[in-house]
Amino acid sequence: MSLLELDDVKVHFPVRKGVLFNRTVGHVYAVDGVSLKVEAGQTYGLVGESGCGKTTLGRGVLRLVDITDGEVVFDGTDLAKLPEEEMRRYRRRLQMVFQDPLGSLNPRQNIESILSEGMAAHGIGKDQDERRERIKEILAKVGLPTNALSRYPHEFSGGQRQRIGIARALVLEPDVIICDEPVSALDVSVQAQVINLLEELQESMGLTYLVIAHDLAVVRHISDVIGVMYLGSLVEEAPSDALYAGPKHPYTKALMSAVPVPDPEVEDRRERILLQGDLPSPANPPAGCRFHTRCPWAQDRCAAERPVLTDVGDGHKVACHFAAEIEAGTLELTRPTGIEAVTETKAVAAEGPDADKVAIPAQSSGDQPAEKKAEKQEQDSAEADALAKADALAKADAPVEADAPAKAEAPAGADEAAEADALAKTDDVPPADDADAGKADADDADAPESDASGAESAKTG
Ligand SMILES: Nc1ncnc2c1ncn2[C@@H]1O[C@H](COP(=O)(O)OP(=O)(O)OP(=O)(O)O)[C@@H](O)[C@H]1O
Ligand code: SF4
Ligand SMILES: [Mg+2]
């Protein structure tokens, strides 16, 4: 049995309307039937464009949102059905690293306080001295100096802050770490360093990862298996090399074709598939194959019948009625693809704006607008707070509060940050041992080396 097995997991958010009678008028089908297995000591890379449900799936595994249906079997136990009280015992073993390292670290706590909070809650280390020693070891492992202990998150660069985020997960000695877009907020120059660090830690500590990214390049080298997600479900899954060597689903082909090749000759000749239109709303997903509204090969059957993820050999799974015909080149295109599509779009644009016809390179989904980034910062902070709260609850024998269900019920755009923040500040949370943490090493006067921290630090003051 795999360490982590998801079986037909669904996370549907109710959409409510009305002030007096808060009626459910529909659902956002954020995750709609995902099955996957993550083997111990391996990395599962989950990719897909913005809004396809990657984060919701990760949060579902940690029960930060309610699972509508399906099983999340971790080390033989179905977490989806565990009462919250029992779930708390499992929380230490499943940790999360967030996209926005700054947003997920409490700016008012120094690093020792941030890292020891969860340890104390889970009873790791008999006192603060022992915890501090353990934290020093972990800081060394993630490549941060000991003098980081008494410093505050804003004093570090983006890359260093992500190392702190990783250290926060590691001090709890987890089995599985869910890394949600762990490098997408970082400078390209430090992205590789953080990915390499994750790989080194996996080797030396035997960790199991679920790495979420919108960028195929990020998951390529770190992943053993890659799952491609589209509008709430997996459309393709394969061992990393097999997926790159021969993507079979039209959506994966489009994602892959958006990645430039360094060789100019190959780059000039290679096939490009530019998808038309935006990702449909998960509140109103298309019937049949969810990709049929954008698929260049869509046939009549595609609008009527939803394809099932099927193993086509050697663990390569694809959810497409016509994968074999597309591979054999025997299926007629029903929409333009490649360069012709671009030319056609330019011609249309010259005649007048027509939003439906704008060709969008699949890769462009990764470029998130400023509001989207701000929204993410809030969400990361809320999730970190929720995890801190869960950690604290793991120790305190306090009655369970319905933090996760409350969030699951929240309509899109609800201020989850404020909600989780309020919960985190209840008396159940042991206060951070700041006085003790303040006694960190005397050598902390030296500023930790910074890799381009200026701009980000200035932003947050
Ligand atoms: N609490 C919620 N209530 C209602 N809808 C939600 C909630 N959380 C997420 N959604 C919706 O579910 C869908 C999937 O969101 P999710 O954040 O999981 O996508 P994602 O793949 O992680 O995207 P990104 O790459 O932008 O992070 C989106 O349409 C989002 O608006
Ligand atoms: S099932 Fe049809 S619409 Fe869906 S990916 Fe395959 S060809 Fe395209
Ligand atoms: Mg996300």
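Consider segment 141-185 and keep the residues that are more than 20 Å from the chain's Cα centre (by Cα) and β-branched (Val, Ile, Thr). The one that is farthest from Val38 (Cα to Cα) is Thr146. Residues in segment 258-265 include at least one that is part of a helix (DSSP H, G or I) and either within 16 Å of ligand 3 (Cβ to nearest atom) or surrounded by fewer than 19 Cβ atoms within 10 Å (Cβ to Cβ) (or both). Restricting Gly41, Gly58, Gly33, Gly51 to those that are in contact with a strand residue (DSSP E or B) (Cβ under 9 Å, 6 or more places away or on another chain), in contact (Cβ under 8 Å) with a residue 24 or more places away in the chain, part of a helix (DSSP H, G or I) and not basic (Lys, Arg) reduces the list to Gly58. Among residues of segment 119-136 that are farther than 20 Å from Arg93 by Cα and in contact (Cβ under 8 Å) with a residue 60 or more places away in the chain, those with a Cβ under 7 angstrom from a residue that is part of a helix (DSSP H, G or I) and of a type in the set (D, E, K, R), sequence gap 6+ or separate chain, pair up as Gln128/Asp436; Arg132/Glu112. Residues being of a type in the set (Asp, Glu) and farther than 30 Å from Leu231 by Cβ are entirely absent from segment 88-101.
Condition check ((1) modelled with pLDDT under 95; (2) within 25 Å of the chain's Cα centre (by Cα)) across all residues:
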residue: Pro101; (1), (2): yes, yes
residue: Leu105; (1), (2): yes, yes
residue: Ser113; (1), (2): no, no
residue: Arg131; (1), (2): no, no
residue: Ile135; (1), (2): no, no
residue: Leu139; (1), (2): no, yes
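When the criteria are applied in full, Leu144 fails the requirement of being within 14 Å of Pro101 (Cβ to Cβ), within 16 Å of ligand 1 (Cβ to nearest atom) and touching a helix residue (DSSP H, G or I) at 6+ places or on another chain (Cβ under 7 Å). Entry remark, segment 295-322: residues being out of contact with any Pro (no Cβ under 8 Å at 6 or more places or on another chain) and farther than 20 Å from Ser35 by Cα number 7 in total. Taking the condition of a type in the set (A, V, I, L, M), within 16 Å of ligand 3 (Cβ to nearest atom), closer than 22 Å to Ala324 by Cβ and crowded, with 20+ Cβ neighbours inside 10 Å, does Val228 pass? Judged against the criteria, Val228 is a match. Can you tell me which residue in segment 266-279 is nearest to Thr334 (Cα to Cα), limited to those that are among the basic types (Lys, Arg) and assigned to a loop (DSSP other than H, G, I, E, B)? Among residues in segment 266-279 that are among the basic types (Lys, Arg) and assigned to a loop (DSSP other than H, G, I, E, B), the one nearest to Thr334 (Cα to Cα) is Arg272. Go through (1) among the polar types (S, T, N, Q); (2) surrounded by fewer than 23 Cβ atoms within 10 Å (Cβ to Cβ); (3) under 22 Å from the mean Cα position of the chain (by Cα); (4) modelled with pLDDT of 95 or more and name the single condition Thr77 misses. Going through the list (1) among the polar types (S, T, N, Q); (2) surrounded by fewer than 23 Cβ atoms within 10 Å (Cβ to Cβ); (3) under 22 Å from the mean Cα position of the chain (by Cα); (4) modelled with pLDDT of 95 or more, Thr77 breaks only (3).
Conditions (1) outside any loop (DSSP other than H, G, I, E, B); (2) in contact with a Leu (Cβ under 9 Å, 6 or more places away or on another chain); (3) assigned by TED's automatic domain parsing to the domain that holds Val38, marked per residue:
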| residue | (1), (2), (3) |
| --- | --- |
| Leu102 | no, no, yes |
| Pro107 | no, no, yes |
| Leu139 | yes, yes, yes |
| Gly143 | no, yes, yes |
| Leu149 | yes, yes, yes |
| Arg161 | yes, yes, yes |
| Leu172 | no, no, yes |
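Over 22 Å from Ala242 (Cβ atoms) and either loosely packed, with under 14 Cβ neighbours inside 10 Å or within 26 Å of the chain's Cα centre (by Cα) (or both): is that true of Leu309 in this structure?
Numbers: over 22 Å from Ala242 (Cβ atoms): no; either loosely packed, with under 14 Cβ neighbours inside 10 Å or within 26 Å of the chain's Cα centre (by Cα) (or both): yes.
For Leu309, the condition - over 22 Å from Ala242 (Cβ atoms) and either loosely packed, with under 14 Cβ neighbours inside 10 Å or within 26 Å of the chain's Cα centre (by Cα) (or both) - is not met.
So, of the residues in segment 194-215 that are outside any strand (DSSP E or B) and in contact with a Lys or Arg (Cβ under 9 Å, 6 or more places away or on another chain), which turns out to be farthest from ligand 3 (Cβ to nearest atom)?
It comes out as Ser204.
For segment 1-58, a residue qualifies if it is modelled with pLDDT under 95 and of a type in the set (Lys, Arg), and the qualifying residues are Arg16, Lys17, Arg23. Screening the candidates Asp75, Asp66 for the property of being touching a Pro at 6+ places or on another chain (Cβ under 6 Å), away from ligand 3 (no atom under 16 Å from the Cβ) and in contact (Cβ under 8 Å) with a residue 12 or more places away in the chain yields one hit, Asp66. Among the residues making up segment 21-56, those that are away from ligand 1 (no atom under 14 Å from the Cβ) and in contact with a Gly (Cβ under 7 Å, 6 or more places away or on another chain) are Leu36, Gly41, Tyr44.
Taken as a whole, the condition of being within 16 Å of ligand 1 (Cβ to nearest atom) and on the phi < 0 side of the Ramachandran plot does not apply to Pro153.
The values are calculated or read from the model by the stated rules, or taken from the named source; none is laboratory data. Bear in mind the structure is a predicted one, so any value in this text is a computation, not a measurement. Virtual Cβ from ideal backbone geometry, glycine too; neighbours counted across all protein chains shown.
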